[in-house]
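**Q** Just dropping this structure here.
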Amino acid sequence: MFLRISSYYSLLLITFLVVSSAISSAFSWGVFNVKYKFAGRQRSLFDLRDHDSRRQLRILAGVDLPLGGSGRPDGLGLYYAKIGIGTPSKDYYVQVDTGSDLMWVNCIQCKECPKRSSLGIDLTLYNIKDSATGKLVSCDQEFCYAINGGPLVGCMANQSCPYLEIYGDGSSTAGYFVEDIVLYDRVSGDLETSSANGSVIFGCGATQSGNLDSSNEEALDGILGFGKSNSSMISQLASSGNVKKIFAHCLDGVNGGGIFAIGHVVQPKVNMTPLVSNQPHYNVNMTAIQVGHDFLNFTADLFESGDRKGTIIDSGTTLAYLPEMVYEPFVSKIFSQHPYLKLQTVQDDYTCFQYSESLDEGFPNVTFHFENSVILKVYPHEYLFPFNGLWCIGWQNSGMQSRDRKNMTLLGDLVLSNKLVLYDLENQAIGWTEYNCSSSIQVLDERTGTVHLVGSHYISSACRLNTQFIIILILLATLLHYPDC
């Protein structure tokens, strides 16, 4: 997520001047190829914690997943999609993020942007002059008004609408908005696709800093946001009348791979819980935590901290974070069946131990309860992961985090893997169900009433990546009751 700081507008004006100087020198169903960022590479636990730390700083900032693939802590992965932009189309690799709102890619004017990546992919700088369909978004356009809360001081009608996003860790991206064609594969039948495209407004990054600049060895071309705001890609597509503002993902925590679909999922059935209102992210009300057969004794307000209400659901985070008042009795209850187990702390934050028997038989299931009697069950083989001959728990104490993240409640891939998670923004609800994410789901074409089958796929890659963790990101956008344009 991105941080809008208190001096946002003054910084935006400065960005506008810098960017202005730089400038002067029918979407229906689709498929994106998604690759596992760290496939085949062993990362340290410091890397894992650092990833989640940066991630949470973005979340708490209030404006911004890697989606698809294995979210296991021992996999330590981020995920990205390959999309086509422009006419003629060029390929861009962007991080897919349910917490991000804006889509942006690095642009030709950028001097600090990365030119190469250790991920084995070719990075591309977007050049609006190379696209017959690309056009600038001016300061007097409705999109610019909406994203800035009204007219931007100092930005004239004939000038380009600037953007500035600052990460909580100090990284930033700044540039200007453009509108162009995004190319993808339309799902035309059961496990069949054909080429399609849609027009999207996105950021053209002219200045990057911190983890987004050329010093980042594992660089990507940008970010593809699927957040809640009207500026997100799904919101733009929904406003055009071609898709419903509903999407789902299913991450296979066993084999890697998964599904990401836009549209009304009719199978499997999903129980829904309402989203907490007036929150920038996917927050829900947790009502109880059950360890084995026992419920922990606490009040629901423990999951609230300042203006932050409820529990954040975020597939861009690897682990799961609980407030200190919950974490300590929670972990004690998990280990209560093994009083003589020798626990050790690894790399400062991870509780690990030696164990040679069956995890699921030796440790309790964890069940989170939410509003509307929706439950989310996590098994020992999901919340325990191997490291250097030990088993470590993926639960983290958010009471030990920095001030902005202190005592937050956040459930990441540790909890969300092996479940179909459905985001219904039209009805402001989210839900999930246990599911075999290497199988397929059924999505309704509301125009024709036809149900189409969407499955999980692996794809071959010319990149230096382990194909075990390469999947196809299915974007199945359900047609509404409108004739084709």
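**Q** Can you pull the percent of region 269-434's accessible area that's carbon plus sulfur, 1.4 Å probe, other chains left in place? Spell out each step's value before the answer.
**A** On the way: 3210 of 7230 Å².
Of all accessible area on region 269-434, carbon and sulfur atoms account for 44 percent.
**Q** Relative contact order (percent) for region 360-445, with alpha-carbon contacts under 8 angstrom and 6 or more residues of separation? Write down the numbers at each step before the final one.
**A** On the way: 84 pairs, mean separation 14.9, N = 86.
Computed value for region 360-445: 17 percent relative contact order.
**Q** Which parts of region 406-429 would a label at THR367 reach, counting a residue when its backbone N lies under 18 Å from a point 7 Å out along Cα-to-Cβ?
**A** 415-416, 419
**Q** Can you list the HN-Hα couplings for region 160-165, worked out from phi with the Karplus curve (6.51, -1.76, 1.60; θ = phi - 60°), rounded to whole Hz and with x for Gly and Pro?
**A** 7, 6, x, 9, 9, 10
**Q** Tally up the carbon and sulfur contribution to the accessible surface of region 98-148 as a whole percent, 1.4 Å probe, everything protein left in place. If you can, show how the numbers build up before the last one.
**A** Numbers: 1100 of 2300 Å².
Carbon and sulfur atoms account for 48 percent of the accessible area of region 98-148.
**Q** Pairs of lysines 8 or more apart, or on different chains, with alpha carbons under 24 Å: count those in region 269-434, would you?
**A** 9
**Q** Amide H of LEU275: which non-local residues (sequence gap of 5 or more, or other chain) have their own amide H closer than 5 Å, using H built in the peptide plane?
**A** ALA429, ILE430
**Q** Moving on to the next point. Can you work out the accessible area per residue across region 269-434, with the rest of the protein chains kept in place, probe 1.4 Å, in square angstrom?
**A** On the way: 7230 Å² over 166 residues.
Heavy-atom accessible area per residue stands at 44 Å².
**Q** Another question, then. Please report the relative contact order for region 269-434, taking Cα pairs under 8 Å with a sequence separation of at least 6, and give it as a percent rounded to a whole number.
**A** Details: 323 pairs, mean separation 55.7, N = 166.
Taking the mean separation of contacting Cα pairs over the length of region 269-434, I get 34 percent.
**Q** How large is the accessible surface per residue of region 119-167, computed with a 1.4 Å probe and reported in Å² as a whole number? Walk me through the numbers before you get to the answer.
**A** Numbers: 2350 Å² over 49 residues.
Value for region 119-167: 48 Å² per residue.
**Q** Then there's this: Scan around GLY258 for amide H atoms under 5 Å from its own, H built in the peptide plane at 1.01 Å from N, and keep only partners 5 or more places away or cross-chain.
**A** Those qualifying (amide H under 5 Å, at least 5 residues apart or on another chain) are GLY69, ASP252, HIS457, ILE472.
The values are calculated or read from the model by the stated rules, or taken from the named source; none is laboratory data. Quick caveat, the model's predicted, so the values are computed rather than measured. Reconstructed Cβ throughout: ideal geometry from the backbone, glycine too, with neighbour counts over all protein chains shown. Areas reflect the complete protein model, heavy atoms only, side chains present, ligands, DNA and RNA absent. Shrake-Rupley method; radii C 1.70, N 1.55, O 1.52, S 1.80 Å.
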